[in-house]
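Below is one structure, written out as structure tokens; the observations come after it.
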Amino acid sequence: MNLSRIAPSQSVAKSPSDREAAETAGASDADFGSPAALGKAKVARLPASDSLGLELATALRAEGIDPDKLKSTPVEAGQTLGVLADKTVDVAPGSVWDLPWLAKERNLNLKSFNPADYRVEFYGDTLFTLQRLAKNQPDVVRGFRIASLKGWDYALQHPDEIAGRLVATLPRPPGITDAAGFARYQTDVARRLTRYADIPLGHSNPDRWNRIEASLLGVGALLRTVDADEFLYDPDAEARSRTDLRAFALLGATLLGGLVVLALLWLRWNRRSAPAAVSTGAPSAPTRQRVRARPVAPASPEPVAADLNTMLTRLERTIRQRLPRGVDYRASLLSGLWQCRADPKTVSGLVLGLVAEAGAGGGRLILGTRNAAFDDGSVTDTPGAEIGEFVRVTIRDGGPGLSDEALDQVLDPALTTRPGAAGAAETMRRLGGFIRVESAEGVGTAVHLYFPRLAEAAATAATDDKPAAAAE
């Protein structure tokens, strides 16, 4: 049973950024800044039991890339920095807890990307206990969890003190020359990864765990699923159960009292209506008058904050039903997705239309969400982008792709071979967003819908526990 999440993990795929490494890779995009760029790289393959390798594999799968088809070289975990330095590999999974520091001490420049940007972010340091112990000795389990969280809270509030105690009481880590500096570096990493104090220590999101589980199933790391309600420890379950019983009793008493009042009112109404029926010769049952009123047009509803991950998760069954047999469908929903202004009915129509259009080509189909921000400096790097903050929905297929001419005409209603994309362009303009289409013959097509970020939610976005699963 999972007791609590302390600090999330963060694995990073690394590649040498010096010119010699780029020439060795023999590729124009040799900085390998995303999973899609790894197709031309020599990738370090860690042992099957290593969690960092699993994290990279799930990010690749989320982007429709088969990890088994990459050019890979078996590497032991302790050899990562060495094989990067001697150019044995171009890219290797590594941990942000130590690899950047080790590289800095060896004067090795590295570039990185975070696999969590391409699939649900994994939880890291986690406490576990047996369900039997949690049931039979709840006070022990509850007290241990509270003490652990208090320890982490103290450590994150007093990083310099903790760094000093680590240096004074523990052996020097292998390969580290500046133990004090390394200890301070790790306290900074812990504070950043826990998002302290924006997110409470010990918080666990069941939906995020479900999406982590789904991603691990996708790469064959799990053989069966578990029920998140049974897996996650709820320290307040007993107290909430008592509260629920009291609330249920109160609700029952209220309903009973309401029924009594209704019965009394009904009897009183009957006594009043009976004499009127005798004196006028009217039927004994009371009559009703129907009043016609001039219809009032309903006010336009105020736009509300939309959670696109939730909308798309609810559409999954319908999406699968609309896809031809044999199409491999995957969802890649970003944990921590920004909120936007979008009507569920509009989003459903757009996505289902584009999915049906993309699925006609067969192969695979990936539905993903991401956050996207463009300013004066970055907007030119993405053709068709607009300045602002957006929530992006991508429908990516593995079909035959579009020729250059077809791609140029794809948003022209009169000339397009993708009428769904052309129609979506007009809808996105009305919503204040925009659409982009990318395609390559023999590779496939990606349609990106950019919904404007909800401005009111931006101030609280840092406190969101992000995913889809992810999942979540």
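Give just the number: which of (1) modelled with pLDDT under 90; (2) assigned to a helix (DSSP H, G or I) does Glu161 not satisfy?
Tallying (1) modelled with pLDDT under 90; (2) assigned to a helix (DSSP H, G or I), Glu161 fails exactly one: (1).
For the structure I just gave you, tell me whether Asn109 is in contact with a Pro (Cβ under 8 Å, 6 or more places away or on another chain) and either open to solvent by 30 Å² or more (accessible area, probe 1.4 Å) or among the charged types (D, E, K, R) (or both).
Numbers: in contact with a Pro (Cβ under 8 Å, 6 or more places away or on another chain): yes; either open to solvent by 30 Å² or more (accessible area, probe 1.4 Å) or among the charged types (D, E, K, R) (or both): yes.
Yes.
Using beta carbons and a limit of 7 Å, which pairs, at least six apart or on different chains, have the first residue in segment 219-243 and at pLDDT 70 or above and the second one open to solvent by 80 Å² or more (accessible area, probe 1.4 Å) and of a type outside the set (A, V, I, L, M)?
From segment 219-243, no pairs qualify.
It is to be established whether one or more residues within segment 18-35 are farther than 29 Å from Gly202 by Cα, in a helix (DSSP H, G or I), at pLDDT 75 or above and open to solvent by less than 50 Å² (accessible area, probe 1.4 Å).
Pass one, segment 18-35, residues farther than 29 Å from Gly202 by Cα: 18-35.
Now restrict to residues that are in a helix (DSSP H, G or I): 19-25, 35.
Narrowing further to those that are at pLDDT 75 or above: 35.
Filter again for open to solvent by less than 50 Å² (accessible area, probe 1.4 Å), leaving 35.
Among the residues of segment 18-35, at least one is farther than 29 Å from Gly202 by Cα, in a helix (DSSP H, G or I), at pLDDT 75 or above and open to solvent by less than 50 Å² (accessible area, probe 1.4 Å), which makes the answer yes.
Here is a yes/no grid of residues against (1) β-branched (Val, Ile, Thr); (2) assigned to a helix (DSSP H, G or I); (3) within 26 Å of Ile65 (Cβ to Cβ):
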{"residue": "Leu337", "(1), (2), (3)": "no, no, yes"}
{"residue": "Val347", "(1), (2), (3)": "yes, yes, no"}
{"residue": "Gly353", "(1), (2), (3)": "no, yes, no"}
{"residue": "Glu357", "(1), (2), (3)": "no, yes, yes"}
{"residue": "Arg370", "(1), (2), (3)": "no, no, yes"}
{"residue": "Thr380", "(1), (2), (3)": "yes, yes, no"}
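Pick from segment 121-160 the residues that are surrounded by 12 or more Cβ atoms within 10 Å (Cβ to Cβ) and among the acidic types (Asp, Glu): which of them is nearest to Ala197 (Cα to Cα)?
Only one residue fits best here, namely Asp153.
Residues checked against (1) more than 22 Å from Val96 (Cβ to Cβ); (2) in contact with a helix residue (DSSP H, G or I) (Cβ under 7 Å, 6 or more places away or on another chain):
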site: Lys135; (1), (2): yes, no
site: Asp139; (1), (2): yes, no
site: Ile146; (1), (2): yes, no
site: Leu166; (1), (2): no, yes
site: Pro174; (1), (2): no, no
site: Ala180; (1), (2): no, yes
site: Leu201; (1), (2): no, yes
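Considering (1) open to solvent by less than 50 Å² (accessible area, probe 1.4 Å); (2) closer than 16 Å to Gly433 by Cβ; (3) modelled with pLDDT under 90, say which one Asp343 fails and leave the rest.
Single failed check for Asp343: (1).
Can you tell me which residues in segment 353-402 are out of contact with any strand residue (DSSP E or B) (no Cβ under 8 Å at 6 or more places or on another chain), farther than 16 Å from Ala424 by Cα and either open to solvent by less than 40 Å² (accessible area, probe 1.4 Å) or of a type in the set (Phe, Trp, Tyr) (or both)?
Those that are out of contact with any strand residue (DSSP E or B) (no Cβ under 8 Å at 6 or more places or on another chain), farther than 16 Å from Ala424 by Cα and either open to solvent by less than 40 Å² (accessible area, probe 1.4 Å) or of a type in the set (Phe, Trp, Tyr) (or both): Gly362, Ser378, Val379.
Evaluate the following for Val91: is it in contact with a Phe, Trp or Tyr (Cβ under 6 Å, 6 or more places away or on another chain) and under 22 Å from Gly33 (Cβ atoms)? Before you say what the answer is, go through the steps one by one.
On the way: in contact with a Phe, Trp or Tyr (Cβ under 6 Å, 6 or more places away or on another chain): yes; under 22 Å from Gly33 (Cβ atoms): yes.
Yes: the conditions hold for Val91.
The values are calculated or read from the model by the stated rules, or taken from the named source; none is laboratory data. These numbers were taken from a predicted model, which means no experiment stands behind them. Please note: Cβ atoms are built from the backbone with ideal geometry, for glycine as well, and neighbour counts cover all protein chains shown. For the accessible areas, the whole protein counts, side chains as well, though only heavy atoms, and no ligand, DNA or RNA atoms are used. Shrake-Rupley method; radii C 1.70, N 1.55, O 1.52, S 1.80 Å.
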